[in-house]
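Here is the structure we will look at, set down as structure tokens.
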Amino acid sequence: MDIKNKIKIKLREVYGGFDTYLEGTYEECLTENIYISTIDDKKKWVTYNQVILELKHTLKDMLRVKELQYKLTESENPDNTCIEVLNSLDNMTPELDRLYNKIKNF
């Protein structure tokens, strides 16, 4: 089994199924960035995915999940994209606050 497939399997264990076209596109983008990026960029993409998981599982804000997935697949500056989406939230969990500060310091 190649590395990309292993990455996809691990992502699905945490995220669940990537069932829609947007989710599939996001999965490909995330997999590619984890596979080919530098160590620092890999850490960033894992952090962006943590934001999505927090939005999905804790806040259950699927609108923001979809918004962030779409923007991350299209963005040239994912740091600003995450910060922008996080700034638009009315309710920040302690974990999202931690991730926000982490992204601000990239």
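The values are calculated or read from the model by the stated rules, or taken from the named source; none is laboratory data. Since the model is a prediction, treat every value here as computed from it, not as a measurement. We place every Cβ from the backbone using ideal geometry, glycine too, and count neighbours over all the protein chains shown.
A few remarks follow.
- Boolean, Glu76 is of a type outside the set (Lys, Arg) and assigned to a helix (DSSP H, G or I): no
- Only one of Tyr48, Tyr35 that is closer than 25 Å to Asp19 by Cβ, part of a helix (DSSP H, G or I), over 11 Å from the mean Cα position of the chain (by Cα) and among the aromatic types (Phe, Trp, Tyr): Tyr35
- Contacts under 8 angstrom Cβ, first residue in segment 70-91 being over 21 Å from Thr58 (Cβ atoms), partner exposed (fewer than 14 other Cβ atoms within 10 Å of the Cβ) and among the aromatic types (Phe, Trp, Tyr), 6 or more apart: Asp79/Phe106
- Leu59 being at negative phi, surrounded by 15 or more Cβ atoms within 10 Å (Cβ to Cβ) and hydrophobic (A, V, I, L, M, F, W, C): yes
- Within segment 1-14, considering residues that are part of a helix (DSSP H, G or I) and either within 17 Å of Glu74 (Cα to Cα) or aliphatic (A, V, I, L, M) (or both), the one farthest from the chain's Cα centre (by Cα): Ile3
- The condition of being within 19 Å of Arg98 (Cβ to Cβ), modelled with pLDDT of 95 or more and not in a helix (DSSP H, G or I) holds for only one of Leu68, Leu59, Leu55, that being Leu59.
- Flag if Gly17 is assigned to a helix (DSSP H, G or I) and small (Gly, Ala, Ser): no
- Output for segment 1-17, where each listed residue is surrounded by fewer than 16 Cβ atoms within 10 Å (Cβ to Cβ) and β-branched (Val, Ile, Thr): Ile3, Ile9, Val14
- Residue in segment 34-46 that is buried (at least 18 other Cβ atoms within 10 Å of the Cβ), of a type outside the set (A, V, I, L, M, F, W, C) and in contact (Cβ under 8 Å) with a residue 24 or more places away in the chain present: yes
- Out of Thr25, Thr93, Thr20, one residue alone is surrounded by 12 or more Cβ atoms within 10 Å (Cβ to Cβ), more than 15 Å from the chain's Cα centre (by Cα) and β-branched (Val, Ile, Thr). It is Thr93.
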